[in-house]
Every structure is written in structure tokens, then in C-alpha cells.
Ligand SMILES: [Fe+2]
Ligand SMILES: [Fe+2]
């Protein structure tokens, strides 16, 4: 997965991830650390296996790794993070050897990762993997979290 490592090492990803990691150091709610990004990647890959989807592991992992890359811009400039993320992901993916088709598919999935019910498998499943990654049933900040009850994972899903 050479292209995925190129994404992780890309200066834009490094900058955005580093700033976000520092900004979230004292956050009591879910963070958007590498642990979250890789949880999403692994769940997305499992969903792909279960659904028999013909997408490369690299595309699935890249979508997950980049889905929250716009979080820092949301905090500092107010741009919705799916919009900022899709734009930043485009710049990164093209530099890392992803085709225009792969880049467009990943950008679309990032753009819709906060909405349920998309028709496209990658869009729908990135949303699902993102939500499934959160262990709300074991969260110490549950009482203060503003996620709607129907969005929370109140038991282990498998
Ligand atoms: Fe997000
Ligand atoms: Fe996320």
C-alpha cells in the first residue's frame, strides 16, 4: 500500500493532522486521532468484504484516512469539514498517484460522510463505518455529548 503511505506522509495531511491532534489534546469528546481514522478504515474494509465490493483496499483506507482531514479548517475558518476535507483530499490524492476516477470517488465519499442514506456504496459505507467506530456505550462524556440518541452506538455492533 505504497500510495496510502504517501497519503499519510503528504505535507498537507501531516500539517492538518498535526494541528488537529494538538487542538484536540484536551477534548473530552471523541477525538479524530489516527486511532479513529484506522478504526474507520478497518470497519470500511470489513464492510467491503461482507458486501463483496470491487474497490481496492488502498482506496478504502485512503478514504478513511482522509475523511476528517478538513476538521482543523472547520475549527479555524468555519468551513464544513466535509467540504474542506474533499478539497484537501483532492490535492493529496493526485500527488500520491490515485487516478482521477479514484480521487473523485473518495472526494464524493468524504463530502457525504456526515449524511446517511447515500445511494453510492462508498458514500453510504464511509458514513456507516465512521459512526460504527464510536464506542458511545463506554464513553465517559456521554452525558454531555450532543449526538442524537439515534446516532449513538448504545451496544457493540458486529
Ligand atoms: Fe467527520
Ligand atoms: Fe470521523
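Every number in this text was worked out from the coordinates using simple rules, so none of it is lab data. In this text, all values refer to a predicted model and were calculated from it rather than measured experimentally. Cβ atoms come from the backbone with ideal geometry, glycine included; neighbour counts cover every protein chain shown.
One table, with the values for the structure above:
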quantity	calculated
Among 21, 147, 121: highest mean-square fluctuation, GNM of the chain, C-alpha pairs under 10 Å	147
For the chain, built as a Gaussian network whose Cα springs stay under 10 Å, the top-fluctuating residue of 148, 20, 60	148
Shape category assigned to the range 1-51 from the gyration tensor of Cα positions, a/c cut at 1.5	oblate
Inter-part distance where the range 1-62 and the range 99-158 are each reduced to a Cα centre, Å	13
Among 17, 137, 45, residue whose mean-square fluctuation peaks in a GNM of the chain (springs only between Cα atoms under 10 Å)	137
Whether the range 74-123 is rounded, prolate or oblate, judged on the alpha carbon gyration tensor where a/c under 1.5 counts as rounded	oblate
Cα shape, the range 53-142, gyration tensor, a/c 1.5 rule	oblate
Neighbour-count ranking [beta-carbon atoms within 10 angstrom, fewest first] of 29, 13	29, 13
Helix-derived mean residue ellipticity, 222 nm - over the chain, DSSP H n ≥ 4, -39500 (n - 2.57), to 500	-18500 deg cm²/dmol
Rg to Rh, two decimals, where the chain supplies the alpha carbon set and Rh follows Kirkwood	0.95
Order of 12, 156 - criterion: other Cβ atoms within 10 Å of each residue's Cβ, fewest first	156, 12
